[in-house]
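A short worksheet on the structure shown next.
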Amino acid sequence: MQVPFKINLENKVAVVTGGGGILCAVFAKALAACGAKVAVLDLKKEAADAAADEINKSGGTALGVQANVLDISSLKEAKKTVNEKLGKCDILINGAGGNHPKGNTSKEYFEDGDLDKEDIMTFFDLDPEGIKFVFDLNFIGTLLTTQVFAKDMTGNKESSIINVSSMNAFTPLTKIPAYSGAKAAISNFTQWLAVHFSKSGIRVNAMAPGFFETNQNKALLRNTDGSYSERAEKIISQTPMGRFGEPEELTGTLLWLIEPKASGFVTGVIIPIDGGFSAYSGV
């Protein structure tokens, strides 16, 4: 793929979780385009392999690896594979995450009478298991993956961890309390990790994407005929740039955060990439 600028990642090993998804596959391609050997980790082996194959066919070096970010044994096995076939991890992108319908409300606002309507999921109906799933996938998955792969980075002054937060972490969106809370936890954890690892040379930062169309949110943003949903129209009206982002528009921030010559004194920051969504008051 074409990147906005190139940094030198020759002889570096990058691990990308959630690498079979739309956004993280782009991250993996960008890192490979800069010379990194990329381990594409995904719960679905076929998705990981597909992303890795695309990189290899374009002249890069990538390896698809099955890994469950909620299973420490699975992560350790993945690390063993990465170390044997590519080398020690220098760059970790914690991209695995997602939402669950049982952690969402049906409506933006609770109104009198909603409790009597069986077809409405109110705050009072939220399923603790659904909420736990969202927090585990986003926060615990990031924590466990970092515990496993960051051991390779200790003593490496050019190592970097990039977490994926969300503009939900700054101001929560309606209807998705579990996801908003989980991403807020990621932002807080990023700052904690940055301080904790600061003496070992590991920099830890996060990107906070705004709205990008992915497999996860397609049903939320598009009607069956392909037109924008009512919620999508509302989002765009609150985005000063008046559109959704393109996945490739995340790569400039990603590469800047990784390159120590450009951001060597930057750690513990969460950077919104959202077309001005988080800056706009609506007036």
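Each value in this text was obtained by applying a stated rule to the coordinates, not by laboratory testing. In this text the structure is predicted, and so the values were computed from the model without any measurement. Don't worry about glycine lacking a Cβ; one is built from the backbone with ideal geometry, like all the others, and counts go over all protein chains shown.
Local charge sum around K183 (other residues, Cβ-Cβ under 15 Å, Lys/Arg +1, Asp/Glu -1)?
On the way: positive: K175; negative: D136, D274.
Net charge in that neighbourhood comes out at -1.
Can you compute the helix-only [θ] at 222 nm over the chain? Use -39500 (n - 2.57) per DSSP H run of at least 4 residues, normalise by all residues, nearest 500 deg cm²/dmol. Please list the in-between numbers first.
On the way: 10 runs with 100 residues, N = 283.
Value at 222 nm, helices only, nearest 500: -10500 deg cm²/dmol.
Amide H to amide H, which residues 5 or more places from V38 or on other chains are under 5 Å from it, using H placed in the peptide plane?
A14, T61, A62, L63
I'd like the projected area of the chain, averaged over all directions, using the convex hull of its alpha carbons. Report it in nm² with one decimal.
15.8
If you line up the Cα atoms of the stretch 1-102 on their principal axes, what length do they span on each, largest first, in Å?
Per principal axis, max minus min of the Cα coordinates gives 41, 31, 20 Å.
Rg and Dmax of the stretch 237-283 over Cα atoms: what are they, in angstrom?
13.2, 39
Based only on Cα atoms, what Rg/Rh ratio does the stretch 78-228 have, Rh being taken as Kirkwood's radius? Don't jump to the answer; show the numbers that get you there.
Details: Rg = 18.6 Å, Rh = 17.3 Å.
With Rg and the Kirkwood Rh in hand, the quotient comes to 1.07.
What's the angle, to the nearest 10 degrees (0 to 90), between helix 72-85's Cα axis and the longest principal axis of the chain?
Between the helix axis and the principal axis of the chain, the angle is about 40 degrees.
Suppose every K and R has +1 on its Cβ and every D and E has -1 on its Cβ; what is the size of the dipole of the chain about the Cα centre, in Debye to the nearest 20? The partial results should precede the final answer.
Working: 28 positive and 32 negative charges, 275 e Å.
About 1320 debye.
In what sequence do D90, D114 fall when counting other Cβ within 10 Å, fewest first? If you can, show how the numbers build up before the last one.
Values: D90 21, D114 17.
Ranking D90, D114 by Cβ neighbours within 10 Å, fewest first, gives D114, D90.
Counting only C-alpha contacts under 8 Å and six or more residues apart, can you give the relative contact order of the stretch 153-236 as a whole percent? Mind showing how you got there, number by number?
Numbers: 101 pairs, mean separation 27.7, N = 84.
Taking the mean separation of contacting Cα pairs over the length of the stretch 153-236, I get 33 percent.
Among V283, V164, which comes first, second and so on when ranked by fewest other beta-carbon atoms within 10 Å?
So the residues, fewest neighbours to most, are V283, V164.
Provide, as a two-decimal number, the C-alpha radius of gyration of the stretch 46-87 over 2.2 N^0.38 Å, N being how many residues it has. List each step's numbers first, then the result.
Details: Rg = 11.2 Å, N = 42, 2.2 N^0.38 = 9.1 Å.
Dividing the Cα radius of gyration by 2.2 N^0.38 Å gives 1.22.
By how many degrees, 0 to 90 and rounded to 10, does the Cα axis of helix 177-196 deviate from the longest principal axis of the chain?
The angle comes out at about 30 degrees.
Looking at the stretch 85-241 only, what percent of DSSP beta bridges run antiparallel? Nearest 5 please.
Working: 1 of 10 bridges.
The answer is about 10 percent antiparallel.
May I ask you to list the aspartates and glutamates whose Cα is less than 13 Å away from that of K199, ignoring any residue fewer than eight positions away on the same chain?
Reachable aspartates and glutamates: E158.
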